[in-house]
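Chemist: Quick one: structure below, then a few questions.
The values are calculated or read from the model by the stated rules, or taken from the named source; none is laboratory data. Because the structure is a prediction, the values reported are computed rather than measured. Because the Cβ atoms are built from the backbone with ideal geometry, glycine has one as well, and the counts that use them run over all protein chains shown. Keep in mind that these areas ignore ligands, DNA and RNA; they rest on the heavy atoms of the full protein, side chains included. Shrake-Rupley method; radii C 1.70, N 1.55, O 1.52, S 1.80 Å.
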Amino acid sequence: AEAISRRCRALTKPLDIIVGFYEKADGQPNNSAAYIELDGSSASVKHVHRKVFLPTYGVFDELRHVQPGRDLKAFDTRLGRFGMLICEDVWHSILPAILAVQGADFIAVPAASPARGFQEDSPANAQRYARMLRLLAEEHGVYALLSGHIGFEGGKGLVGSSMIYSPSGEKLADAGLLHEAIVMAEADFEACSVARKKSPLLRDLKANWSLIQELSEGE
């Protein structure tokens, strides 16, 4: 936080950022993301999420290098209640559901996803991210935000494809593929409650959460 504060002293307005990084927790490395509030010359870390699902298939061998996170929490910011997931975390729909039950109105997903599946006009993984974000936004009445890394690392081409979906599942912004871009959208704080009234799936999920826990334990 101190290093970021020094770099951002020229800011004239408050700014909230999410930064991906590797950290050592409990003596082991983690793939992590921090939500940081910047205000003048000060930086405050509001929350750190450590990636839960570490892929070990295809071109991936992440579990060999970092340990999985063991915690998942929605958290309050001056912009609203947020949840964070990292890359493959969002491929497992139970994690967005948990964050939504915890009250998140925004789910942010930094990702570094290598292009794969070239049978159609765009890579299959980029199409999958678009489907996942739209569906989780629609189901839970949340804003879904993807920040996709772009470029080449370790021989892998990363697709980018940053995007934002509204609580009704409308695509608000799309950076497109394979080029750097900044995408912006305006958030309406009433949009979450309006979407949830029209489709009360989150209400029903919360009401039956204890039953879901029983079902998952096979009782």
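Chemist: Taking chymotrypsin sites (Phe, Trp or Tyr not before Pro) that fall in a DSSP loop and have at most 14 other Cβ atoms within 10 Å as cut points, what is the longest piece of the chain between them?
Modeler: Longest gap between qualifying sites, sites excluded: 119-188.
Chemist: Next up: Please identify, among 71, 26, 16, the residue showing maximal mean-square fluctuation in a Gaussian network model of the chain using a 10 angstrom Cα cutoff.
Modeler: Between 71, 26, 16, it is 26 that shows the largest mean-square fluctuation.
Chemist: What is the antiparallel percent of DSSP beta bridges lying wholly in region 82-174, to the nearest 5?
Modeler: Restricted to region 82-174, the bridges split so that about 55 percent are antiparallel.
Chemist: So if each residue of separation counts as 0.36 nm, and I subtract the Cα-Cα distance between residue 78 and residue 206, what length gain in nm does that give?
Modeler: On the way: separation 128, 0.36 × 128 = 46.08 nm, distance 2.45 nm.
Length gained, residue 78 through residue 206: 43.6 nm.
Chemist: Considering the chain as a Gaussian network with a 10 Å cut-off on Cα pairs, which listed residue, 199, 41, 166, attains the greatest mean-square fluctuation?
Modeler: Fluctuation is largest for 41.
Chemist: For region 13-67, what is the relative contact order in percent, using Cα pairs closer than 8 Å and at least 6 residues apart in sequence?
Modeler: 30
Chemist: I'd like the per residue volume of the convex hull spanned by the Cα atoms of region 1-76, given in cubic angstrom.
Modeler: Hull volume over Cα atoms, normalised by residue count, gives 113 Å³.
Chemist: 5 Å is the cut-off here: which amide hydrogens, built 1.01 Å from N in the peptide plane, fall below it relative to residue 81, excluding neighbours closer than 5 in sequence?
Modeler: Amide H neighbours of residue 81: 105, 106.
Chemist: Applying the Karplus parametrisation 6.51 cos²θ - 1.76 cosθ + 1.60 with θ = phi - 60° to the phi angles of region 71-85, what ³J(HN,Hα) value in whole Hz is obtained for each residue in order, glycine and proline being reported as x?
Modeler: The phi angles translate into 9, 8, 9, 7, 8, 8, 10, 5, 9, x, 8, 10, x, 10, 9 Hz.
Chemist: Which of 13, 156, 197 moves most in a GNM of the chain, Cα contacts under 10 Å?
Modeler: Maximum fluctuation in the GNM of the chain, among the listed residues, is at 13.
Chemist: May I ask you to compute the full-extension gain from residue 45 to residue 153, defined as 0.36 nm times their residue separation minus their alpha-carbon distance, rounded to one decimal in nm?
Modeler: 36.1 nm
Chemist: Counting other Cβ atoms within 10 Å, keep those with at most 15, restrict to DSSP loop, and tell me which GluC sites (Glu not before Pro) in region 114-187 are left.
Modeler: Details: sites: 120, 138, 139, 153, 170, 180, 186; in loops: 120, 170, 180, 186.
In loop regions of region 114-187 (DSSP not H, G, I, E or B), the sparsely surrounded GluC sites (Glu not before Pro) are 120, 170, 180, 186.
Chemist: In percent, how large is the relative contact order of the chain, given Cα pairs closer than 8 Å and 6 or more residues apart?
Modeler: In percent, rounded to a whole number, it is 11.
Chemist: Considering Cα pairs under 8 angstrom that are at least six residues apart, work out the relative contact order of region 133-219 and quote it in whole percent. Let's see the in-between values first.
Modeler: Values: 136 pairs, mean separation 21.6, N = 87.
The normalised contact order for region 133-219 reaches 25 percent.
Chemist: Give me P(r) over the chain, computed from all C-alpha to C-alpha distances, binned every 10 Å, as integer percentages.
Modeler: 8, 30, 37, 21, 4, 0
Chemist: Among the listed pairs 73/198; 24/197; 13/51, which have their C-alpha atoms separated by more than 32 angstrom in this model?
Modeler: 24/197
Chemist: Next up: Under the rule a/c < 1.5 gives rounded, and otherwise a/b versus b/c splits prolate from oblate, where does region 117-219 land using the Cα gyration tensor?
Modeler: oblate
Chemist: At 1.4 Å probe radius, can you tell me the per residue accessible area of the chain in Å²?
Modeler: 57
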